[in-house]
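The values are calculated or read from the model by the stated rules, or taken from the named source; none is laboratory data. Quick caveat, the model's predicted, so the values are computed rather than measured. Because the Cβ atoms are built from the backbone with ideal geometry, glycine has one as well, and the counts that use them run over all protein chains shown.
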Amino acid sequence: MTDHPTKTSRPRALSGMRPTGKLHLGNYVGALQNWVKLQNTHDCFFFVADWHALTTDYDNTSQLADNTLEVVLDFLAAGLDPERCAIFVQSHVREHAELHLLFSMITPLGWLERVPSFKEQQQQMPNKDLHMYGFLGYPLLQTADILLYRPDFVPVGEDQSAHIELTREVARRFNQFYKLNDKPVFPEPQTLLTPSPKLLGTDKRKMSKSYGNSILLSDEAAAVEQKIKNSVTDRPKLTDRGSPDRCPVGNLHQIFSDKERLSHITQGCTQATITCVECKALAVESVNAHLAPIRERRHALAQNPGKVRQTIQHGAQKAIAAAEETMSAVRDAIGLLRLGAVAELAAREEATAAIKVPEAITSVKNEDERWEMRTSEWLERINRTYPLKKDRPRTFITRRGRKVGLYAAAEENETWKFLLEDRPINVLVLLAQDKDRNLRDYVLPPKILQEHWKKLARNGDGVEIVLKRGPNGISLQTGEGELAIEQYAGDYSALQ
Ligand code: TRP
Ligand code: SF4
């Protein structure tokens, strides 16, 4: 089995967005619109980075859950299809935090202090105390977000490229320290640069939620019209010449109008041959035409709230499956003790905590009774974890319907002889009682029986199996030689 069974033949792409609440057109043209295209060609994972919101807004979380839902709603309205991509919430996949922690062990502080957004954001938000551990580490959380899914591509805007570069460096460093079967655990993902066309807010500043100058993806047609009509333009006077590049309305044309209309308004604007009022009316038309199907999907979702819930639940499942694949490789590569391994150890220890056959057995002549005395304690222990249902004498059925043959024999001259019924079974359990009346159990899985059953010695009464003590423990004698069976001692995996 590979450690990567969720991988498809398509290249994998992953990206995330902070839950800023209802998305604006800048978020849409700068990212979401591109994601919608990618889901046709890539194996996509898109998530709401709710933990990232805490790195700056740790002191006000009252809107966090609502904002997260709004963003998922916008994802769906914009056309992301939960059948074609995993749409999920970061905090639902705890492995992001686990991988972040492990990366924090190998990431030099200097790498994080050097990330440009660290100083920039602190300067941009002078009233906010950002001297926090989480804030310094957030590009490393993003690194974990990405590498957890081992994607080929990360579609992001230019402002994120330093973070993807850090991601690649951390992947390289991890791979240097830890390997899994001599192979690196992480690929170095590529940035898939999303070209983000310039889009000014209605007041000519950068479009931003906090400036209150945004057109929202979820705005109704009338609201879009109001906002565009009230926009500041690049031509204060009718006779001024302007430039669509410097005008929020012009920007909207550049993004949402067809070539013909764009060249019409560009000419009209730069030559002062149209009015801004005319230009705005055309922009309203173009933007609303583009947003109409998005609005329609949003209205349909409002009628069907189960869809958002299902999307989030199903997305978490898909993401967790992929994340667990990676984390299991990561834990093994680092060399952490697996809980599953402890359970196996415990099962083996319990098995070898020798079962003692009652002393009274020496006086028992009846073969069935001897068998009962030897197997009863073993069966009782096994049944706690692997219930066996009685089928016929010496034959049991596992929970999954496997047929198990159970036989017991006492040691004589370093040899055990078992006489089996010549009927097909899937699993063979041999209980070997030694001189001190301790039992050893060998659970031979179907694979072994298929290979050797036919070759075993037969006499008139059934199939004869002989175990012999040797320098490497006990082995089984077949017509063709010895079969090592020590590895099946106390290994109950075949009894599932
Ligand atoms: N830091 C990104 C932003 O501010 C959001 C983000 C978090 C992200 N984790 C990510 C983007 C992983 C891409 C991949 O926009
Ligand atoms: Fe803006 Fe259009 Fe007026 Fe030019 S004509 S300034 S693009 S609104």
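Listed here are the residues, each with its yes/no results for (1) out of contact with any strand residue (DSSP E or B) (no Cβ under 8 Å at 6 or more places or on another chain); (2) assigned by TED's automatic domain parsing to the domain that holds Ala289; (3) more than 14 Å from ligand 1 (Cβ to nearest atom); (4) not in a strand (DSSP E or B).
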site	(1), (2), (3), (4)
Lys7	no, no, yes, yes
Tyr28	yes, no, no, yes
Asn40	yes, no, yes, yes
Phe46	no, no, no, no
Pro82	yes, no, yes, yes
Ser91	yes, no, no, yes
His100	yes, no, no, yes
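List every residue pair whose Cβ atoms sit under 7 Å apart, with the two residues 6 or more apart in sequence or on different chains, where the first one lies in the range 113-135 and is free of Cβ contacts under 8 Å to residues at least 60 places away in the same chain and closer than 20 Å to Asp159 by Cα and the second, anywhere, is among the aliphatic types (A, V, I, L, M) and assigned to a loop (DSSP other than H, G, I, E, B).
From residues that are free of Cβ contacts under 8 Å to residues at least 60 places away in the same chain and closer than 20 Å to Asp159 by Cα, the pairs are Gln122/Leu130.
Any residue in the range 51-71 that is touching a strand residue (DSSP E or B) at 6+ places or on another chain (Cβ under 6 Å), over 24 Å from Lys198 (Cβ atoms) and assigned to a helix (DSSP H, G or I)? Full working, then the answer.
Restricting attention to the range 51-71, the residues satisfying the condition of being touching a strand residue (DSSP E or B) at 6+ places or on another chain (Cβ under 6 Å) are 68, 71.
Still in the list and also over 24 Å from Lys198 (Cβ atoms): 68.
Next, from what is left, pick out any that are assigned to a helix (DSSP H, G or I): 68.
Yes, some residue in the range 51-71 is touching a strand residue (DSSP E or B) at 6+ places or on another chain (Cβ under 6 Å), over 24 Å from Lys198 (Cβ atoms) and assigned to a helix (DSSP H, G or I).
Can Asp245 be described as closer than 25 Å to Asn34 by Cβ and either in contact with a Pro (Cβ under 7 Å, 6 or more places away or on another chain) or part of a helix (DSSP H, G or I) (or both)? Quick ask: steps written out before the conclusion?
Working: closer than 25 Å to Asn34 by Cβ: yes; either in contact with a Pro (Cβ under 7 Å, 6 or more places away or on another chain) or part of a helix (DSSP H, G or I) (or both): yes.
So Asp245 fits the description; yes.
Pull up the range 174-217, narrow it to residues that are surrounded by fewer than 19 Cβ atoms within 10 Å (Cβ to Cβ) and of a type in the set (S, T, N, Q), then point me to the one that is farthest from Ala13 (Cα to Cα).
Looking at residues that are surrounded by fewer than 19 Cβ atoms within 10 Å (Cβ to Cβ) and of a type in the set (S, T, N, Q), I get Ser210.
Being modelled with pLDDT under 95, within 8 Å of ligand 1 (Cβ to nearest atom) and not in a loop (DSSP other than H, G, I, E, B) is the filter here, so list the residues in the range 145-159 that pass it. Working first, answer last.
So the first thing to find is which residues in the range 145-159 are modelled with pLDDT under 95, and the list is 157-159.
So of that shortlist, the ones also within 8 Å of ligand 1 (Cβ to nearest atom) come out as 157, 159.
The one that is modelled with pLDDT under 95, within 8 Å of ligand 1 (Cβ to nearest atom) and not in a loop (DSSP other than H, G, I, E, B): Asp159.
Condition test on Leu337, is it out of contact with any Phe, Trp or Tyr (no Cβ under 8 Å at 6 or more places or on another chain) and away from ligand 2 (no atom under 12 Å from the Cβ)?
Working: out of contact with any Phe, Trp or Tyr (no Cβ under 8 Å at 6 or more places or on another chain): yes; away from ligand 2 (no atom under 12 Å from the Cβ): yes.
For Leu337, the condition - out of contact with any Phe, Trp or Tyr (no Cβ under 8 Å at 6 or more places or on another chain) and away from ligand 2 (no atom under 12 Å from the Cβ) - is met.
Could you check Asn175 against (1) more than 30 Å from Leu147 (Cα to Cα); (2) outside any loop (DSSP other than H, G, I, E, B) and say which number it fails?
(1)
Does Asn366 count as free of Cβ contacts under 8 Å to residues at least 40 places away in the same chain and closer than 22 Å to Gln496 by Cβ? Lay out the reasoning, then the answer.
On the way: free of Cβ contacts under 8 Å to residues at least 40 places away in the same chain: yes; closer than 22 Å to Gln496 by Cβ: no.
Here the answer is no, as Asn366 does not meet what is asked.
Against the definition (hydroxyl-bearing (Ser, Thr, Tyr) and modelled with pLDDT of 95 or more), how does Tyr407 come out, yes or no? Spell out the reasoning first.
Numbers: hydroxyl-bearing (Ser, Thr, Tyr): yes; modelled with pLDDT of 95 or more: yes.
Taking the combined requirement at face value, the residue satisfies it.
So how many residues does the range 48-61 have that are free of Cβ contacts under 8 Å to residues at least 40 places away in the same chain, under 18 Å from Lys209 (Cα atoms) and either near ligand 1 (Cβ under 9 Å from one of its atoms) or more than 24 Å from the chain's Cα centre (by Cα) (or both)? Lay out the reasoning, then the answer.
From the range 48-61, those free of Cβ contacts under 8 Å to residues at least 40 places away in the same chain are 53, 57, 59-61; that's our starting set.
From the residues that got through so far, the ones that are under 18 Å from Lys209 (Cα atoms) too are 53, 57, 60-61.
Checking which are either near ligand 1 (Cβ under 9 Å from one of its atoms) or more than 24 Å from the chain's Cα centre (by Cα) (or both) leaves us with 57, 60-61.
Of the residues in that region, 3 qualify.
Could you figure out which of (1) assigned to a loop (DSSP other than H, G, I, E, B); (2) more than 30 Å from Glu95 (Cα to Cα); (3) not assigned by TED's automatic domain parsing to the domain that holds Ile228 isn't true of Ala360?
Every listed condition holds for Ala360 apart from (1).
Kindly indicate whether any position in the range 123-130 is at pLDDT 95 or above and either in a loop (DSSP other than H, G, I, E, B) or more than 24 Å from the chain's Cα centre (by Cα) (or both).
no
Could you check, for the range 288-295, whether at least one of its residues is of a type outside the set (Phe, Trp, Tyr), near ligand 2 (Cβ under 10 Å from one of its atoms) and under 24 Å from Arg205 (Cα atoms)? Can you show your working first?
So the first thing to find is which residues in the range 288-295 are of a type outside the set (Phe, Trp, Tyr), and the list is 288-295.
Next, only the ones that are near ligand 2 (Cβ under 10 Å from one of its atoms) stay: none.
No, there is no match, as no residue in the range 288-295 is of a type outside the set (Phe, Trp, Tyr), near ligand 2 (Cβ under 10 Å from one of its atoms) and under 24 Å from Arg205 (Cα atoms).
Of the residues that make up the range 103-119, is at least one more than 18 Å from Ala171 (Cβ to Cβ), within 16 Å of ligand 1 (Cβ to nearest atom), hydrophobic (A, V, I, L, M, F, W, C) and in the same structural domain as Lys37 (by TED's automatic domain parsing)?
Scanning the range 103-119, I find at least one residue that is more than 18 Å from Ala171 (Cβ to Cβ), within 16 Å of ligand 1 (Cβ to nearest atom), hydrophobic (A, V, I, L, M, F, W, C) and in the same structural domain as Lys37 (by TED's automatic domain parsing), so the answer is yes.
Scan the range 184-194 and give yes if some residue there is modelled with pLDDT of 95 or more and assigned to a helix (DSSP H, G or I), otherwise no.
No; the residues of the range 184-194 include none that is modelled with pLDDT of 95 or more and assigned to a helix (DSSP H, G or I).
Which is touching a residue at least 24 places away in the same chain (Cβ under 8 Å) and not β-branched (Val, Ile, Thr), of Ser218, Ser210?
Working: Ser210 fails: touching a residue at least 24 places away in the same chain (Cβ under 8 Å).
Selected residue: Ser218, the only one of Ser218, Ser210 that is touching a residue at least 24 places away in the same chain (Cβ under 8 Å) and not β-branched (Val, Ile, Thr).
Okay, residues lined up against (1) in contact with a Phe, Trp or Tyr (Cβ under 6 Å, 6 or more places away or on another chain); (2) more than 30 Å from Thr143 (Cβ to Cβ):
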site: Ala171; (1), (2): yes, no
site: Asn181; (1), (2): no, no
site: Val185; (1), (2): no, no
site: Ser196; (1), (2): no, no
site: Val232; (1), (2): no, yes
site: Ser243; (1), (2): no, yes
site: Cys247; (1), (2): no, yes
